[in-house]
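Please read the structure below before turning to the comments.
Values in this text are rule-based calculations from the coordinates and carry no lab data. Computed from a predicted model, the values in this text were never measured in an experiment. Cβ: placed from backbone, ideal geometry, glycine included. Neighbour counts: every protein chain shown.
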Amino acid sequence: MFLAPLNYNRFFQKVFSDEKIAKKFLEDFLEVEIESFEFLKEKHKITDDSQIVEFDFRCKIHGNYVIIDMQQWYKPDIAQRFYVYHAINTGLQLEKLPKKGIAEDAKPKKVREIKDYRKIQPVLTLIWMVDDTLRFEEDFVGYTMTPEIALEFIKNHELWREKAIEKLVREREKALKIVENDTKELDFLVKNRLIFMFQKNIVKNNKLAKYERWFEFAEKTRDENNTKEDFNEYYNDNLFNEMIRRLRKDDLTEDDIKYIEDEKSIWEMVTRYEKGNFDMGKKEGEKEGKKEGKKEREIEIAINLLKNGASIDLVAKSTGLSKAQITRLSKSTKQ
């Protein structure tokens with residue numbers, strides 16, 4: 001091993017603690033030029049009874065509060081957990097929220113100070129998914145809070161079957177009127193974003209986007225037999241040279257080496273657990289489809305594999321069904 005795995009939290013934090021590196025990654029992924037950058041405290045205790053909440057990375061850019069969290073392996077609670085992280089990063093702004101004075105209806109009049117919630121800034125949460133793709137094929141997928149009418153418009157199957165385009169246009173205009181209403185800063189809601197970034201898809205899709213090299217670099221460091229030559233293409237970039245310097249095995253401590261061994265053991269246990277789920281899904285599918293034809297049996301196996309978290313690629317290889325068929329099955333199992 002030449003470099004330690006960037007996808008391990010300790011080394012991710014070691015690399016991204018460099019402001020220039022963190023800033024450039026965010027610029028490449030978000031396609032923005034960052035003028036102001038501020039590191040923020042990463043560990044917080046929210047209530048007396050709660051555990052400490054620790055973000056892998058937290059900063060402030062252009063007034064936005066940004067989290068990046070590394071998700072190394074499959075966990076079933078990521079939707080809820082990262083929604084909580086996202087909300088906490090908003091709530092933490094209360095600590096420094098300025099106050100405004102309000103005159104009370106009393107004689108003599110008194111001025112009461114209250115927090116000015118208009119000063120709360122949008123939150124951007126980036127979840128760096130190492131292996132799990134959540135059954136998406138895209139490089140990344142973002143979620144934001146929008147009026148319900150927008151989602152209803154998209155999901156209205158009957159409306160989209162209408163031959164009269166006029167009705168479709170009218171419904172779109174109705175939805176847009178609500179979506180574009182920024183009265184009293186309602187547009188603040190859609191400025192908050194939660195984005196899942198899929199390393200596995202980014203490396204596979206090869207879209208030549210600016211952010212791709214970051215994920216390819218990370219993928220190379222995952223190989224425990226990686227060599228110096230594996231990173232030749234990065235040596236002409238000062239920032240990546242600094243990343244290489246921070247990850248070199250020669251400079252790791254004994255504790256770092258033990259950390260890598262421990263993480264590897266955990267990873268192997270998780271992989272065995274996932275394989276157990278995969279085998280169980282396949283076995284259940286074969287059992288349920290035993291008395292049916294080959295096609296029906298493949299479909300039963302595919303459904304059970306999907307229910308147990310297998311990716312579309314993996315199900316396709318295991319059943320012989322096309323990716324299009326499996327995608328349709330995946331959608332039907334979610335309904």
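Candidates Ala164, Ala175, Leu186 compared by Cα position along the dipole of segment 146-188: farthest toward the positive end lies Ala164, with charges placed on Cβ.
The share of alpha-carbon pairs in segment 146-188 lying farther apart than 11 Å comes to 65%. Which pairs break 32 Å Cα to Cα here: Lys20/Lys323; Lys23/Lys207; Lys41/Lys177; Lys60/Lys317? Over 32 Å Cα-Cα: Lys20/Lys323; Lys41/Lys177; Lys60/Lys317.
Among the GluC sites (Glu not before Pro) in segment 1-32, those placed in a DSSP loop whose Cβ has at most 14 other Cβ atoms within 10 Å are Glu31. Going by neighbour counts of Cβ atoms within 10 Å, the residues Met197, Met145, Met243 line up, fewest first, as Met145, Met197, Met243. Between the beta carbons of Asn205 and Lys60, assuming R0 = 22 Å, the FRET efficiency works out to 0.10 to the nearest 0.05.
Within the set of other residues whose C-beta is less than 13 Å from the C-beta of Glu242, count the net charge using Lys and Arg as +1 and Asp and Glu as -1. Once all neighbours under 13 Å are counted, the net charge is +3.
Among 320-329, 54-63, 159-168, 226-235, the peptide with the highest mean count of other Cβ atoms within 10 Å heads the list, and the full ranking is 54-63, 320-329, 226-235, 159-168. Counting only Cβ charges, +1 for Lys and Arg and -1 for Asp and Glu, the dipole size of segment 146-188 around its Cα centre is about 260 debye.
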